[in-house]
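Read the structure below first, then the notes.
The values are calculated or read from the model by the stated rules, or taken from the named source; none is laboratory data. Being a predicted model, the structure only gives us computed values, none of them experimental. Methodologically, a virtual Cβ is constructed for each residue, glycine included, from the backbone with ideal geometry; neighbour enumeration extends over all protein chains shown.
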Amino acid sequence: MSEPFADETRFRATLRSYEALVRPELNPHPSYMDRANDETETLLLYVLDDGIIGPNFTRRGCVAFTRRVGPYSIDRCGHFVP
């Protein structure tokens, strides 16, 4: 299971999107969570116990995804929903 993370460069690349959440200068592309997307139908889920994605995710998601189902909160679950 740890094989995909054996190479340091590949492992660091997997963390880049999370780092960019708190350090926007690391993201070469603008965020789309601050403007409306009325083309894509989206299921918006937020895990209450998620220590990675902050609680403002649902508020930003409601702005970004006008054609959405949710947001729904999931209790007792980690960052990766089984």
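Residues in the range 11-49 that are polar (S, T, N, Q) and under 15 Å from the mean Cα position of the chain (by Cα) were compared, and the one that is farthest from R60 (Cα to Cα) is T14. None of V69, V81 is over 21 Å from T14 (Cα atoms) and outside the structural domain of T14 (by TED's automatic domain parsing) except V69. Listed conditions (1) of a type in the set (F, W, Y); (2) modelled with pLDDT of 80 or more; (3) loosely packed, with under 10 Cβ neighbours inside 10 Å are all met by F80, apart from (2).
If you scan the range 10-47, which residues turn out to be among the basic types (K, R) and in contact (Cβ under 8 Å) with a residue 12 or more places away in the chain? Result: R35, single match. Of all residues in the range 35-54, those satisfying the criterion of being part of a loop (DSSP other than H, G, I, E, B) and modelled with pLDDT under 90 are R35, A36, D38, E39, T40, L48, D49, D50, G51, I52, I53, G54. Taking residues in the range 48-66 that are over 12 Å from S31 (Cβ atoms) and in the same structural domain as R23 (by TED's automatic domain parsing), and partners anywhere that are modelled with pLDDT under 85 and surrounded by 14 or more Cβ atoms within 10 Å (Cβ to Cβ), not one pair has Cβ atoms closer than 9 Å while being at least 6 places apart or on different chains. Among the residues in the range 55-69, are any touching a helix residue (DSSP H, G or I) at 6+ places or on another chain (Cβ under 9 Å) and either assigned to a loop (DSSP other than H, G, I, E, B) or surrounded by fewer than 12 Cβ atoms within 10 Å (Cβ to Cβ) (or both)? No: the range 55-69 contains no residue that is touching a helix residue (DSSP H, G or I) at 6+ places or on another chain (Cβ under 9 Å) and either assigned to a loop (DSSP other than H, G, I, E, B) or surrounded by fewer than 12 Cβ atoms within 10 Å (Cβ to Cβ) (or both). Set side by side, the residues I74, I52 differ, and just one is touching a His at 6+ places or on another chain (Cβ under 8 Å) and surrounded by 10 or more Cβ atoms within 10 Å (Cβ to Cβ), which is I52.
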